[in-house]
Amino acid sequence: MSVPAIKELEVLDSVPTGLLINGMWRPAASGKTFDVEDPATGKVLLSIADAGPEDGMAALDAAAAAQESWAKVPARERGEILRRAFEMVTARAEDFALLMTLEMGKPLAEARGEVTYGAEFLRWFSEEAVRAFGRYSVSPDGKSRLLVTKKPVGPCLLITPWNFPLAMATRKIAPAVAAGCTMVLKSANLTPLTSQLFAAVMVEAGLPAGVLNVIPTSTAGATTGPLIKDSRLRKLSFTGSTEVGRRLLADASENVLRTSMELGGNAPFVVFEDADVDAAVAGAMLAKLRNMGEACTAANRFIVHESVAEEFAKKFAATMAGMTTARGTEAGSKVGPLIDAKSRDKVHELVTDAVSEGAVLIMGGTPVDGPGYFYEPTLLLDVRDGARILSEEIFGPVAPIITFGTEDEAVRLANNTEYGLVAYVFTRDLNRGIRMGERLETGMLGLNAGVVSNAAAPFGGVKQSGLGREGGLEGIEEYLYTQYIGIADPNVS
Ligand SMILES: NC(=O)c1ccc[n+]([C@@H]2O[C@H](COP(=O)([O-])OP(=O)(O)OC[C@H]3O[C@@H](n4cnc5c(N)ncnc54)[C@H](O)[C@@H]3O)[C@@H](O)[C@H]2O)c1
Ligand SMILES: O=CCCC(=O)O
């Protein structure tokens, strides 16, 4: 049974459609709007204001003007705003979940999970706000005193992707608020509605005007480019593809901006011969099919010991076959649509290429007929070395399996990528698990676990998966700089 459309209309009706600049919702200076579509039906959900360069600059003006007074707001007060926002998002969890399902496509149950995950960044950083300490010490020669303080970096530009519309925004906004930074948020043009509703919650929670400015736009580069060049901007925090991140890093270098870059991934999922195969299959389902595979953390290559590959593939296929592909609002939906036609075509191209190179198609392998951008859960065995699917982000419900014989070979295969965001290892041997942690080039490792995301943990990658960490104790540091004050010996007058 689908959720009554009336509820969908009510939620859409509660979404502000303007730009949030200096505490006011307003139309774009050009008067332009752009459409946001439901990927399950291709129908327009809502049209919202389409920011241009003039609006981008107005947003930065507001953020720059608010910075000094916002930095003076006591940390406890900033934390309490975040705590109120946490309570409000939690109270409106069903609205947020439905909105995300409508604009992004994920099944409602997963959207509810994202609300919990996304809200947790608000609670976590509400608690961290008061812990951004410095230190005081006596210099080693005893002749001076060293006072080290932490200060907000200043106005930040935050750019978010479409795949986790709430969590990717709260993972940046919450630490920036906790640190005392003002912000301009450029939400993803495919899924801006959740950010619009979330920004309304932040205003209601008491965030002063100008601290958070939101500029959805269909012209990302033209609208944010001038901000990156403006010397009032102090930080760029970007989550998205490595390709765009690389270009933004180059732009940011001109202004020597602080940057956080949460980029793409190509996660290896390694199953050793001593693994609990049922647990590995359960982990694989999470690591592969969470968010329809549209996650930077999605397992992209299943590297399975040759002695358990057949058992693993059989059980994985059987579990996958039980997944219902349907609009995310349908009861029982486990796999929603992909975000758009371009993404679905890319997924199909990778599958076709792998099969033409000799991979065995165990199940799936075709786009689903009818409206929306659905793709069948797909399993490929014996994928040949060199197939594009092993080196490119799939971002879809497709699992390619390759096999290995020795631990050294597993390490070589797992590290054979320019990315290094997350890896998954399944083994009953703890020493081997620890050893893999030491040998794999990765920012995060799931040991007998198919999901690592946690607001209390430092999320981020190495190699071309990015720079910096979000969440954990590290997350707030991205929005603080260290200032040192050297004090003359107080014993000498
Ligand atoms: N490492 C992480 O934490 C993480 C999390 C989520 C997604 N991702 C990655 O994001 C990608 C999927 O998201 P996507 O398709 O939205 O990525 P994308 O790089 O296409 O877009 C990300 C954001 O950047 C904006 N953008 C695009 N071009 C821009 C430009 N020239 N100037 C300024 N902004 C620009 C987009 O509008 C969007 O808001 C995948 O590669 C995925 O792995 C990484
Ligand atoms: O898409 C990447 C983010 C996924 C997550 O935070 O769990």
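The values are calculated or read from the model by the stated rules, or taken from the named source; none is laboratory data. All of these numbers come straight from a predicted model, not from anything done at the bench. Cβ: placed from backbone, ideal geometry, glycine included. Neighbour counts: every protein chain shown. Just so you know, the surface numbers come from the protein's heavy atoms only, side chains and all, with ligands and any DNA or RNA stripped out. Shrake-Rupley method; radii C 1.70, N 1.55, O 1.52, S 1.80 Å.
Around Met320, with a cut-off of 14 angstrom between Cβ atoms, what is the net charge of the other residues, counting Lys and Arg +1 and Asp and Glu -1?
+4
Measure nothing fancy, just the Cα-based angle from helix 167-179's long axis to the longest principal axis of the chain, in degrees from 0 to 90, nearest 10. Rounded to the nearest ten degrees, it is 20. The percentage of C-alpha pairs in segment 80-147 whose separation is greater than 21 Å is 48%. Over all Cα atoms in the chain, the spread is summed up by Rg and Dmax: 23.5, 84 Å.
Relative contact order, percent, of the chain when contacts are C-alpha pairs under 8 Å separated by at least 6 residues? Spell out each step's value before the answer.
On the way: 1169 pairs, mean separation 89.4, N = 493.
Dividing the mean separation by the residue count of the chain yields 18 percent.
How big is the antiparallel share of DSSP beta bridges in segment 244-386, given as a percent to the nearest 5? About 40 percent, rounded to the nearest 5. With coordinates expressed along the principal axes, the C-alpha atoms belonging to segment 79-119 extend over 32, 14, 13 Å, beginning with the largest.
Tally Lys and Arg at +1 and Asp and Glu at -1 over the other residues with C-beta under 14 Å from the C-beta of Asp276: what net charge comes out? Kindly include the intermediate steps, with their values, before the conclusion.
Details: positive: Lys315, Arg428, Arg432; negative: Glu273, Asp274, Asp278, Glu311, Asp429.
Cβ neighbours under 14 Å give a net charge of -2.
Going by a ≥ b ≥ c, the root eigenvalues of the Cα gyration tensor, does segment 256-327 fall in the rounded group (a/c under 1.5), the prolate group (a/b larger than b/c) or the oblate group? It comes out oblate by the Cα gyration axes. Computed over segment 1-92, the range of Cα coordinates on each principal axis works out to 50, 36, 18 Å, biggest value leading.
Which whole number in µm²/s is D for segment 361-493 by Stokes-Einstein, with the Kirkwood Rh taken over Cα pairs at 25 °C and 0.890 mPa s? Don't skip to the end; give the middle numbers.
Working: Rh = 18.4 Å.
In µm²/s, the coefficient is 133.
Per-residue Karplus couplings for segment 181-195, computed as 6.51 cos²θ - 1.76 cosθ + 1.60 with θ equal to phi - 60°, are listed in order as 9, 9, 9, 10, 9, 9, 6, 5, 5, 7, 9, x, 5, 4, 5 Hz, Gly and Pro entered as x. By the helix-only formula, in which each DSSP H run with n ≥ 4 contributes -39500 (n - 2.57) and the sum is divided by residues, the chain has a 222 nm mean residue ellipticity of -12000 deg cm²/dmol.
Close amide H partners of Ala399, meaning residues 5 or more places away or on another chain with modelled amide H under 5 Å apart, are Thr378, Leu379, Leu380.
Each of Asp141 and Ala91 was given a label point 7 Å from its Cα along the Cα-to-Cβ line. The distance between the two points is 6.0 nm. The percentage of C-alpha pairs in segment 175-252 whose separation is greater than 20 Å is 36%. Magnitude of the charge dipole for the chain, about its Cα centre and with charges confined to Cβ atoms of Lys, Arg (+1) and Asp, Glu (-1), is about 1520 debye. Once the Kirkwood radius over Cα pairs is known for segment 302-405, the Stokes-Einstein relation at 37 °C and 0.692 mPa s delivers a diffusion coefficient of 231 µm²/s. A probe of 1.4 angstrom, applied to the heavy atoms of all protein chains, finds Val256 with accessible area near 130 square angstrom. Remark: spin-label model distance Asn491-Asn431 equals 5.3 nm, labels positioned 7 Å along the Cα→Cβ axis.
Angle of helix 341-356 to the longest C-alpha principal axis of the chain, folded into 0 to 90 degrees and rounded to 10: 40°. For helix 220-229, what angle does its Cα long axis make with the longest principal axis of the chain, in degrees from 0 to 90 and rounded to 10? Orientation of helix 220-229: about 40 degrees from the principal axis.
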